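Notes to accompany the following structure.
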Amino acid sequence: MRIRTLTIAAASVLALGAAACTQAEQNKAEANAEAAGDKAADVAAQTGEVVESGAMKAAQAVEEGAGKVADKLEDKQAEAAAEGRPGAVDPATDTRVPAKN
């Protein structure tokens, strides 16, 4: 939204400048509009970096959480396989405990 507002403001400055100002004033208005455009581009780039870093941190948290869950499940499966519970998979051998018939 901020970029859009700055862009509209810059365009307005140029439009008003062209209609009611001297050449020097128009040049100054154009320079100000260019500076505003540059500032908008800088703000957009910075915003993109902030969003990207937030997404990276969220992905790392998900990865860490998933790793902890996987470790717990692996421990439970190892225990179940050691006890001979049918359907359990021994993580060390990737072998399923057969069902009892």
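Along the Cα→Cβ direction, 7 angstrom out, place labels at D75 and E25. What is the inter-label distance in nm?
It works out to 7.6 nm between the two label points.
Rank by packing, highest mean first: peptides 39-46, 65-72, with packing defined as the count of other Cβ atoms within 10 Å averaged across residues.
In decreasing order of mean packing, 39-46, 65-72 become 39-46, 65-72.
Quick check: pseudo-label points 7 Å beyond the Cα along Cα→Cβ at D90 and S53, how many nm apart are they?
4.9 nm
Among the aspartates and glutamates, select those whose C-alpha is under 17 Å from the C-alpha of K76, and discard any that sit fewer than 8 residues away in the same chain.
By straight Cα distance, K76 reaches D90, D94.
Using Cα positions and a limit of under 25 Å, work out the lysines in reach of K72, with same-chain residues fewer than 8 apart set aside.
Here the lysines satisfying the reach criterion relative to K72 are K57.
Readers should treat all values here as calculations from the given coordinates under stated rules, not as data from a laboratory. Here the structure is a predicted model, which means the values were calculated and not measured. Cβ: placed from backbone, ideal geometry, glycine included. Neighbour counts: every protein chain shown.
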